[in-house]
Amino acid sequence: MGGWSGATVHDGVVYVGSKDGRVVAINSSTQSQSWNYTINAAIYTTPIVDGDLVYVGTYSGQVLALNTTARSQQDFTSLQKRYGEWEWDCPIDNAKSNAIVADLLVSDDAIYVSSSNGRVYSLGKEFGDLNWESKILDEKHGKLWTSPVIQDDTIYVSTFDGHIYALSLETGDLLDWSFKSEAGFASSPVIYGDTIFLGSFDRHLYAVKIGSDVPMWKFPQEKPAGNWFWASPIVNEGIVYAGCLDGKLYAIEAKTGEELWEFDAKNPIVSSPVLMDNLLIVTDESGTVYVFDLSVEIGDEVVPLKTISIGADVRSPFCAQDGLVYIRDENNKNNQLYVVDIEKGEVSWNFSLTKEE
Amino acid sequence: MGPGDIWNLIIGNPVLNVLIALSHLLFGEFGLAIIALTVIVRLITWPLTKRQLDSTKALQDMQPKLQELQKKYGKNQQKLQQEMMKLYKEAGVNPLGCLWPMLVQFPIWIALYQAIMKALATTPENLLNLAQRLYSWDIVNQAIPLSSRFLWLDLGRPDPYWILAIIVGGTMWLQQKMTQAPAVDPRQQSTNRMMLLMMPLMFGFLTLMFPSGLALYWAVSNIITIITQYFFTGSWGYLKFRSPFQSKPVKGK
């Protein structure tokens, strides 16, 4: 089955999609499974908790809402729709081409879904009813494997054919402005101020001012980087931090596109960096976690505050909370969720995501 | 460095990157890139093809002499074979020479199959894995990800309408029929007849199993073979040739 769902933490419970197609809820204080729900499809999206529901998109084209509270109290094996619409699943369409790969976007009012059929869907949060759908790409030009992002009343989507489209949040209608690049965009867009930052297959990171037809800057400015910018960058206090599949982490001035520093992890950086207080956390594909202290000035020689090797294959998004980093291992043999204690610089605990017979 | 890495370095990655670059040059059409690559492969293997065509033509020219031998030694198979080999040797013809272009194609098929599956990257993992196989050429990276649609086909999947299977089978039959020299004994005649049917049927069947991008390569390659054979030999070869055993069947003992 596969998939690279990441982990999310909410109220002391870790939610993660497993490689055998289950949503697993793990109680972090007892380090034991609270419940699991079998989907029987690959899960690429990281679960998102909102209220009592945890939302997950599947490679079989479904959006599921599972009731976290009710499931923690009772042993459910199927969706519980009978008791006050606790849970629901939403088959957007039956075709396999509608696989959901990109993380869902959950706002105050709706869930937004990018689908492999080139459409963006807006669903009601309570029952999954369709608010609108918007056709962004035709069948020939492909799939939407990047997540949308919202600013004000507009939703922005990046595409594999090199566009950024702006849609009305209310109706899904395409707005006048769009941006076209020569190469496809590999990463989901990130908005900081009035600028969109995103990675491309042409080995550049783009900064695009909303409303402009030309990029504000492309990084690197001279020759391309060593590989694609697959992961979405993060922006903090005017600095863009972008991991690249060439194994480097780049810190770039958001306004000018000037490189401030770079760090060579020597292995591809597939997952987006994460911020926890003043700490910037980066993992590479070989399972090394690098921690940078952003409260001190980073000079010419970039040395991580901590380097922790967990020996896992890391391609999934990871999250960090209260000094702990939650990382899912992609290795089929290990199939673990690792919880790394940054202060101690070691794995605090781990949980097997292989289903017990 | 393992054998897999060496294969990728020498054959796999070059085929993959050339295919993607061609796709970018040919309006983003991966199907056109496969057709162009087929033409390039056929140009590279032209010396071998020419040898095969020379053999075919020489065998064609020798037919009257071979039939004479058949009449003369028809009842003594051993003697017939000896005399035939002598004749082949005198004419400098190797009847198995036409197998080489076929054998050379096998690694190309394997590389192409791998390249098609990798380039189309139908799953998210495949797309991510592709990053480590690409050259730093702008033309390659700007073409990613590729569209698998071409005409009615999804090049990463078999043709559900069987049209490509019929084209591959039909062109393979025609190509074989043009080059298959008539048999000199009834046993060989029956083997030939079976081969003439089996190969097109087998490739037709494979077309239903493999991605249609690979089948497109077979179809175009067969068509190129038919055209070059026609112009090189100046005729349809053995297409209209009737075996002596068809008109005068030899009675069994």
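The values are calculated or read from the model by the stated rules, or taken from the named source; none is laboratory data. These numbers were taken from a predicted model, which means no experiment stands behind them. Virtual Cβ from ideal backbone geometry, glycine too; neighbours counted across all protein chains shown.
Quick notes on this structure:
- Among the residues of region B:128-164, the ones that are under 27 Å from residue A:268 (Cβ atoms) and either in contact (Cβ under 8 Å) with a residue 60 or more places away in the chain or more than 8 Å from chain A (Cβ to nearest Cβ) (or both) come to 15 in all.
- Screening region A:117-163 for strands (runs of 3 or more DSSP E) wholly inside it with 3 or more residues that are farther than 17 Å from residue A:179 by Cα returns the ranges A:119-124, A:130-135.
- Members of region B:98-121 that are crowded, with 19+ Cβ neighbours inside 10 Å and either modelled with pLDDT under 80 or within 14 Å of another protein chain (Cβ to nearest Cβ) (or both): B:98, B:101, B:119, B:120, B:121
- Residue A:301 vs. criteria acidic (Asp, Glu), free of Cβ contacts under 8 Å to residues at least 60 places away in the same chain and not assigned by TED's automatic domain parsing to the domain that holds residue A:8: yes
- Those strands (runs of 3 or more DSSP E) of region A:313-357 in which 1 or more residues are hydroxyl-bearing (Ser, Thr, Tyr) occupy A:324-328, A:336-341, A:346-352.
- Residue within region A:159-166 that is within 12 Å of another protein chain (Cβ to nearest Cβ) and buried (at least 24 other Cβ atoms within 10 Å of the Cβ) present: no
Residue-wise test of (1) of a type outside the set (Val, Ile, Thr); (2) touching an Asp or Glu at 6+ places or on another chain (Cβ under 7 Å); (3) within 30 Å of residue B:5 (Cβ to Cβ).
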residue: B:66; (1), (2), (3): yes, no, no
residue: B:93; (1), (2), (3): no, no, no
residue: B:107; (1), (2), (3): yes, no, yes
residue: B:110; (1), (2), (3): no, no, yes
residue: B:123; (1), (2), (3): no, no, yes
residue: B:130; (1), (2), (3): yes, no, yes
residue: B:143; (1), (2), (3): yes, no, yes
residue: B:148; (1), (2), (3): yes, yes, yes
residue: B:161; (1), (2), (3): yes, no, no
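- Members of region A:281-312 that are small (Gly, Ala, Ser), farther than 22 Å from residue A:229 by Cα and in a loop (DSSP other than H, G, I, E, B): A:295, A:299, A:311
- Restricting region A:208-224 to residues that are over 27 Å from residue A:295 (Cα atoms) and of a type in the set (A, V, I, L, M, F, W, C), the residue that is surrounded by the fewest Cβ atoms within 10 Å (Cβ to Cβ): A:214
- Meets criteria (among the charged types (D, E, K, R), part of a helix (DSSP H, G or I) and either under 30 Å from residue A:146 (Cβ atoms) or touching a His at 6+ places or on another chain (Cβ under 6 Å) (or both)) for residue B:118: yes
- The set of residues in region A:36-89 being β-branched (Val, Ile, Thr), surrounded by fewer than 17 Cβ atoms within 10 Å (Cβ to Cβ) and assigned to a loop (DSSP other than H, G, I, E, B) consists of A:77 alone.
- All positions within region A:196-231 that are away from every other protein chain (no Cβ under 14 Å) and touching a strand residue (DSSP E or B) at 6+ places or on another chain (Cβ under 6 Å): A:196, A:197, A:198, A:207, A:208, A:209, A:211, A:215, A:216, A:217, A:219
- For the residues A:347, A:296, the requirement of being out of contact with any Phe, Trp or Tyr (no Cβ under 6 Å at 6 or more places or on another chain) and not assigned by TED's automatic domain parsing to the domain that holds residue A:22 singles out A:296.
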